[in-house]
Amino acid sequence: MDSGVRAPTRRQLLSAIAKVGGTAALYQAMTTLGHAAETQFHGPPNLQGARPGSTVIVLGAGLAGMLAAFELTKAGYKVKILEFQNRAGGRNWSLRGGDTYTELGGATQNVAFSQGNYLNPGPWRIPHHHRTLLHYCKQFGVALEPFIQFNHSGWVHSSQAFGGKPVRFNTAAADFEGNIAELLAKSVNAKALDDTVTQEDRDKLLEALKGWGMLDNDYKYSASLRAASHRGFERPGGGGVNGAPIPSKDLYGLHDVLDPQVWTSMGFFMNHEMQTTMFQPVGGMDMIGKAFAKQVEGMVTYGAKVSKIAQDDKGVTVSFTDVATGKASDLKGDWCVCTIPLGILGQLDLQVTDEMMAAIKAVPYSGQVKIGLEMKRRFWEEDDFIYGGHSFTDQEIALISYPNNNMFKDGPAVLLGAFARDMGAYRLAGMTPDQRIEAALAQGSVLHPTSYRKEFASGASVAWSRVPWTLGCCARWSDEARKEHYQTLVGMDRRIVLAGEHASYIGCWMEGALLSSIDAITRLHKRALEA
Amino acid sequence: MRKIIVLTAALLAFPAAAQSPAGGDTGGGITRVPKPVTGEQVYGAVCQACHMPDAKGATGAGTIPALASNPKLAGAAYPIMVVTGGKGAMPGFVGILSNAQMAEAITYVRTHFGNAYAKPVTEADVAKIAKPPSAGGH
């Protein structure tokens, strides 16, 4: 191996390729070397050489807007940000004890969580391949900790299977796989697959089914220590006289495990975005928004409600009113990066092409509901041995998710008592905050019957369809709308470019907002230099 | 409160299963939510999430329009078009609600909240305007 010439390390090689060929070449090379296909992030944009005195107006101090301001400032632009709220971060948001939140319709909640506890109403978990977000978290000093995405001990509850009782994820999954394996093995042994599978592969398949599905020597999924090692024991192994394990006996049959709640709960973890490892910021998701805000300190005008965006050959004029005083102002700049959610943007007076206006109005928003419930003790850990992760239910709340930090501690903890979507979300959103908490307690009690109500201390809910500054949670592109409008939406409209999760193919994720922002400002900068 | 419990019991007879859409950060698994039938039920289970229980809408950075005392509801075609196809941030409900559910909801809104457009909107009226849903999620 040691030939006297030191072969470059992979890192040195990639670094050299990047220097010579730029990031595109680097990306190409990394893909060829087989380890970069997980992201379109090729490093920060490193824009340089803005024309002296050039100005950019950024609308919205969410992550997309703040990243645009940060990178454009580095490039030499003078940047100002207008933000409707009195807080930076946008949907990157945490609610803590002492916070007050007023939703559309006027209902106000005073959050009463204990010190250190929080609810992340918006984003709450970060996939390991969201490299842009992870890059800036590191650069801006945001501490991350593991988010426990996959917990085999969580409950799976279906109102139409297992007698309506929650069962452990590992039990449901094991019995699904066991039953399917047995069925497939039966087909093989009944020669039903002889026409399509070779003898050699049939043998391998049977071996695989036995191993994967925990089948016995007769290719049956039956009560055995093998099956128990997957689904759980009646009495797990111990020490001494009664140390021998006893397998669980009442395996669930095909009919129960074919309930769609089982395979959709299993399939959920197959999604690229949902694969472990996942992360969360230490102390609440808004640590990210706060870290971004520190980078753009002094640039943000808060409480600014934009009503009009005008543009001509010379520049952009944004009209806005101060929410507190009603005072109207105009802000002029050479360029504009607009991150206002589309449902709101479409209601403003915009000087953009008809095509752009049609694109802005073509994308509906989802309306998820999240409910945080503070419990006086960690009964899910102490009584059910669930440490982080999720339980799934087919009720409106959709899931219960358990805190990923402070495990084994005494004292109150906040769990996520609902992450409702679609029809479940509409129902919960239509309720008063008190009714939502009651619904979450009633539905959560099905999964944790003895402790849920008893240990409940306080709750808070956010129905995204009633969030005053977004009118929804995330852009929901249909394939049809993408085809017709997406390229228009992300294109520069003279001096205005849009950015945000809605201008990406990673909708509803912070990563999409950031990648969109980088792409938008890169094109804006190019256009500005050409102008 | 008692009214809510009775209503829920009645609705539970018709659960509709919904699988999580592809893409985006979502809860996983399926949900089976009681299916609302009457116009009042559909309004309460769906529409009021945004338009509010009094149908007066609300204003923040943008506005959710009021349905109460709204002259745009005088003709049935406009509300049918909006409910089936969506408008701005509001999604279209084709494929989510049945034509009958949408007809009931529109009729309910057109005859309540200070609106008095007595002629009922029928399932057939909705079917004439509803376009098939488009695939996709995010």
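The values are calculated or read from the model by the stated rules, or taken from the named source; none is laboratory data. Fair warning: this is a prediction, and the values are worked out from it, not measured in the lab. Reconstructed Cβ throughout: ideal geometry from the backbone, glycine too, with neighbour counts over all protein chains shown. Accessible surface areas use protein heavy atoms only, side chains included; no ligands, DNA or RNA. Shrake-Rupley method; radii C 1.70, N 1.55, O 1.52, S 1.80 Å.
Below, the figures for the structure above:
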{"read-out": "Lone qualifier among A:G326, A:G343 - being more than 23 Å from B:C47 (Cβ to Cβ), modelled with pLDDT of 95 or more and either in contact with a His (Cβ under 7 Å, 6 or more places away or on another chain) or of a type in the set (G, A, S) (or both)", "value": "A:G326"}
{"read-out": "Residue within the range A:162-170 that is polar (S, T, N, Q) and over 30 Å from A:N46 (Cα atoms) present", "value": "yes"}
{"read-out": "Hits in the range A:192-224 (condition: within 40 Å of the chain's Cα centre (by Cα), surrounded by 14 or more Cβ atoms within 10 Å (Cβ to Cβ) and more than 12 Å from A:E182 (Cα to Cα))", "value": "A:A223, A:S224"}
{"read-out": "Tally of residues being in contact (Cβ under 8 Å) with a residue 40 or more places away in the chain and of a type in the set (A, V, I, L, M, F, W, C) across the range B:41-82", "value": "13"}
{"read-out": "Number of positions in the range A:233-270 that are within 10 Å of chain B (Cβ to nearest Cβ) and either open to solvent by 40 Å² or more (accessible area, probe 1.4 Å) or not β-branched (V, I, T) (or both)", "value": "9"}
{"read-out": "Extreme residue, farthest from A:Y252 (Cα to Cα), among residues of the range A:133-160 that are in contact with a Gly (Cβ under 9 Å, 6 or more places away or on another chain) and open to solvent by less than 30 Å² (accessible area, probe 1.4 Å)", "value": "A:F147"}
{"read-out": "Subset of the range A:383-394 that is surrounded by 24 or more Cβ atoms within 10 Å (Cβ to Cβ) and not small (G, A, S) - its residue that is nearest to A:T276 (Cα to Cα)", "value": "A:H390"}
{"read-out": "Count of the range A:416-468 residues which are away from chain B (no Cβ under 13 Å), crowded, with 22+ Cβ neighbours inside 10 Å, more than 20 Å from B:I30 (Cα to Cα) and touching a strand residue (DSSP E or B) at 6+ places or on another chain (Cβ under 7 Å)", "value": "3"}
{"read-out": "Some residue of the range B:124-132 being within 14 Å of chain A (Cβ to nearest Cβ) and either at pLDDT 95 or above or over 12 Å from B:A76 (Cα atoms) (or both)", "value": "yes"}
{"read-out": "Unique residue being within 7 Å of another protein chain (Cβ to nearest Cβ), at pLDDT 95 or above and open to solvent by less than 60 Å² (accessible area, probe 1.4 Å) when the list is B:G75, B:G27, B:G57, B:G88", "value": "B:G88"}
{"read-out": "Number of positions in the range A:92-115 that are more than 11 Å from every other protein chain (Cβ to nearest Cβ) and either β-branched (V, I, T) or within 20 Å of A:V282 (Cβ to Cβ) (or both)", "value": "14"}
{"read-out": "When residues of the range A:491-531 are limited to those that are under 19 Å from A:L134 (Cβ atoms) and polar (S, T, N, Q), the one surrounded by the fewest Cβ atoms within 10 Å (Cβ to Cβ)", "value": "A:S504"}
{"read-out": "Residues within the range A:115-144 that are among the charged types (D, E, K, R) and in contact with a strand residue (DSSP E or B) (Cβ under 6 Å, 6 or more places away or on another chain), tallied", "value": "1"}
{"read-out": "Test: residue in the range A:121-128 that is under 24 Å from A:H525 (Cβ atoms), within 13 Å of another protein chain (Cβ to nearest Cβ) and touching a Phe, Trp or Tyr at 6+ places or on another chain (Cβ under 8 Å)", "value": "no"}
{"read-out": "Elements of type helices (runs of 4 or more DSSP H) contained in the range A:427-531, each with 3 or more residues being touching a residue at least 24 places away in the same chain (Cβ under 8 Å)", "value": "A:433-447, A:479-490, A:510-530"}
{"read-out": "Selection within the range A:147-192 - away from chain B (no Cβ under 11 Å), among the polar types (S, T, N, Q) and touching a residue at least 40 places away in the same chain (Cβ under 8 Å)", "value": "A:N151, A:S153, A:N170, A:T171, A:N179"}
{"read-out": "Matching entry among A:R523, A:R453, A:R436, A:R427 (being assigned by TED's automatic domain parsing to the domain that holds A:V318 and among the basic types (K, R))", "value": "A:R523"}
{"read-out": "Residue list for the range A:274-298, restricted to those being open to solvent by 40 Å² or more (accessible area, probe 1.4 Å) and either within 18 Å of A:I126 (Cβ to Cβ) or acidic (D, E) (or both)", "value": "A:Q275, A:T276, A:T277, A:F279, A:V282, A:M287, A:K290, A:E297"}
{"read-out": "Qualifying residue in the range A:63-73 (condition: open to solvent by 10 Å² or more (accessible area, probe 1.4 Å), in a loop (DSSP other than H, G, I, E, B) and not charged (D, E, K, R))", "value": "no"}
{"read-out": "Complete set of residues in the range B:83-138 that are assigned to a loop (DSSP other than H, G, I, E, B) and touching a Gly at 6+ places or on another chain (Cβ under 7 Å)", "value": "B:G88, B:A89, B:G92, B:K131, B:P133, B:G137, B:H138"}
{"read-out": "The range A:469-486, residues that are surrounded by fewer than 24 Cβ atoms within 10 Å (Cβ to Cβ), more than 7 Å from chain B (Cβ to nearest Cβ) and hydroxyl-bearing (S, T, Y)", "value": "A:Y486"}
{"read-out": "Flag for A:I518 being closer than 22 Å to A:I81 by Cα and among the aliphatic types (A, V, I, L, M)", "value": "yes"}
{"read-out": "Test result for A:V497, outside the structural domain of A:V316 (by TED's automatic domain parsing) and at pLDDT 95 or above", "value": "no"}
